[in-house]
Structures are given as C-alpha cells and as structure tokens.
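Enquirer: Take a look at this one; I'll ask things after.
The numbers here are math on the coordinates, done by the rules we state, and not lab data. Predicted, not measured: the structure shown is a model, and the values here were computed from it. Glycine also receives a Cβ, built like all others from the backbone with ideal geometry; neighbour counts cover every protein chain displayed.
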Amino acid sequence: MSFTFEIVTPERVVSKETIASLTLPTVAGELTVLTGHVPMVTVLSTGVIETEKEDGTRDIMAVSGGFVEVMHEKTVILADTAERAEEIDEERLSRAKEEARKIMEDRRVDRTQFTNAAARLKRELARTKAIKRWRNLKNRVQSDRL
C-alpha cells in the first residue's frame with residue numbers, strides 16, 4: 001500500500017510522488033510514516049529524509065526545519081530547505097562547513113553570529129549524512145545487480 005508524499009520549500013517542489021514509507025527527523029525523534037498513519041502535524045528538524053517506493057527504490061534528501069502534516073493518504077512537508085542527496089554540491093558543502101566552524105571558533109563573534117553558524121553547521125552535517133547514505137544505497141544496489 002502507498003500514499004502521496006510532497007515536500008515543498010519556498011523555492012520549489014522538491015518531490016511529489018507516491019511512496020510506501022517515509023522516514024524523517026522531527027523534534028521528538030525519527031518518525032516513520034506508512035499508509036494509514038494516524039493524522040498529525042509536527043515540527044521537522046534538520047536531518048535526513050528517506051523515502052521508499054513499492055518497488056523498493058529509495059530516495060535520500062537533506063532537510064532543515066519546517067513542518068510535516070501526516071494525513072491518512074497524503075503526507076506534506078513544508079521545509080525551510082530541502083534537496084535530494086544527488087543534487088548536493090560537495091565542494092560547496094565542504095566550504096560551508098569550514099566557514100561555519102571558523103566562525104564558531106572565533107572568540108570575537110557575538111551570540112547571534114555563533115548561533116547562526118551553529119545552525120549552518122548542523123544543516124551542512126545533515127547534507128553530508130544524506131550524501132553518505134545515498135552513496136551507500138547506490139553501492140548496495142550496484143552490488144546486488146552483480
């Protein structure tokens with residue numbers, strides 16, 4: 001059994017598809033949604049989203065904040081930012097992590113700058129985790145074909 005899944009950011013619709021399961025980060029911990037899940041609305045935290053279709057194919061995305069609404073036959077995520085793992089520019093990711101770390105290590109920054117840098121670092125670490133999970137998944141699929 002499957003349900004409709006949609007993830008939207010202020011810039012674009014990242015995904016709109018029919019899936020069998022969805023695992024996502026919430027402020028209360030990781031949540032897996034299956035068909036017929038009890039309706040709910042909760043706050044999304046920064047982390048990795050994984051979807052699985054009926055045929056077993058999976059998709060990995062990085063997300064930072066937002067809200068998720070789970071309905072019986074549809075789940076919608078309104079995210080601050082979201083991107084598929086295969087879309088992430090690893091060179092830009094490395095630079096962003098390094099910049100955030102430098103700001104956090106600078107003793108002259110104020111609390112607001114430090115907090116912003118910490119949030120940025122958390123987003124970049126989630127993007128890194130999404131890439132690693134996507135690569136592992138891709139490698140597993142390739143080795144299964146052999």
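Enquirer: What does DSSP give for the stretch 3-86 in terms of the percent of beta bridges that are antiparallel, rounded to the nearest 5?
Expert: 90 percent
Enquirer: Another question about this same structure. So what's the net charge close to A118: Lys and Arg +1, Asp and Glu -1, counting the other residues with Cβ under 14 Å from its Cβ?
Expert: Values: positive: K97, R101, K102, R111, R120, K122, R123; negative: E99, E105, D106, D110, E124.
Computed value for this residue: +2.
Enquirer: Before anything else, pin down the relative contact order of the chain: Cα pairs under 8 Å, at least 6 apart, normalised by residue count, whole percent.
Expert: Normalised by residue count, the contact order of the chain is 21 percent.
Enquirer: Run the simple label-point estimate for A28 and V13 please: 7 Å along Cα→C-beta, distance reported in nm.
Expert: A separation of 2.9 nm, rounded to one decimal place.
Enquirer: Antiparallel versus total DSSP beta bridges in the chain: what percent is that, nearest 5? All intermediate terms of the calculation are to be shown ahead of the outcome.
Expert: Numbers: 36 of 41 bridges.
Beta bridges within the chain, antiparallel portion: roughly 90 percent.
Enquirer: Taking the Kirkwood radius as the inverse of the mean 1/r across Cα pairs, report the Rg/Rh of the chain.
Expert: Dividing the radius of gyration by the Kirkwood radius yields 1.02.
Enquirer: On to the next question. Picking from G47, A118, A130, whose Cα lies most toward the positive end of the charge dipole for the chain (charges on Cβ: Lys, Arg +1; Asp, Glu -1)?
Expert: A118
Enquirer: Let me make sure I get this right: for the stretch 44-109, a, b and c are the square roots of the gyration tensor eigenvalues over alpha carbons, sorted descending. Under 1.5 in a/c it's rounded, otherwise prolate if a/b > b/c, else oblate. Which is it?
Expert: oblate
Enquirer: Let me ask something additional. Select from the stretch 1-89 those trypsin sites (Lys or Arg not before Pro) which occupy a DSSP coil region and have at most 16 other Cβ atoms within 10 Å, ordered by residue number.
Expert: Sparse-neighbourhood loop trypsin sites (Lys or Arg not before Pro): R12, K53.
Enquirer: Which cross-chain or sequence-distant (5 or more) residues have an amide H under 5 Å from the amide H of T46, H modelled 1.01 Å from N in plane?
Expert: Amide H to amide H, under 5 Å and 5 or more residues apart or across chains, T46 pairs with G65.
Enquirer: Neighbour counts of other C-beta atoms within 10 Å: give me L24, L31 arranged from fewest to most.
Expert: By the 10 Å Cβ count, ascending: L31, L24.
Enquirer: May I pose another question? Where does each of M1, M61 land when they are ranked from fewest to most other beta-carbon atoms within 10 angstrom?
Expert: Ascending number of Cβ neighbours within 10 Å: M1, M61.
Enquirer: Please work out the Kirkwood hydrodynamic radius for the stretch 89-145, using every pair of different C-alpha atoms, and report it in angstroms with one decimal place.
Expert: The answer is 12.7 Å.
Enquirer: Highest GNM mean-square fluctuation, the chain, Cα pairs closer than 10 Å: which of A85, A20, A62?
Expert: Greatest mean-square fluctuation among the candidates belongs to A20.
Enquirer: Which of rounded, prolate or oblate describes the stretch 3-86 when judged by the alpha-carbon gyration tensor and an a/c cut-off of 1.5? Write down the numbers at each step before the final one.
Expert: Details: a/c = 1.43, a/b = 1.11, b/c = 1.29.
Rounded, because the longest to shortest axis ratio a/c is under 1.5.
Enquirer: To continue, here is another question. Given a cut-off of under 8 Å on Cα pairs at least six residues apart, what relative contact order in percent is computed for the stretch 89-145?
Expert: Worked out over the stretch 89-145, it gives 36 percent.
Enquirer: Give the distance, in whole Å, between the Cα centre of the stretch 86-146 and the Cα centre of the stretch 16-31.
Expert: So the separation of the two Cα centres works out to 20 Å.
Enquirer: Once phi is turned into ³J(HN,Hα) by the Karplus curve 6.51 cos²θ - 1.76 cosθ + 1.60 with θ = phi - 60°, what whole-Hz value does each residue of the stretch 33-44 show in order, with x for glycine and proline?
Expert: Couplings: 10, 10, 3, x, 4, 4, x, 6, 10, 8, 8, 8 Hz.
Enquirer: Between helix 111-145 and the chain, what is the angle of the helix's C-alpha long axis to the longest principal axis, kept within 0 to 90° and rounded to the nearest 10?
Expert: On a 0 to 90 degree scale, this one is about 40.
Enquirer: Also, quick follow-up: For the chain, set up a GNM with springs between Cα atoms under 10 Å and report which of V27, V63, V76 has the largest fluctuation.
Expert: For the chain, modelled as a Gaussian network with Cα springs under 10 Å, the answer is V27.
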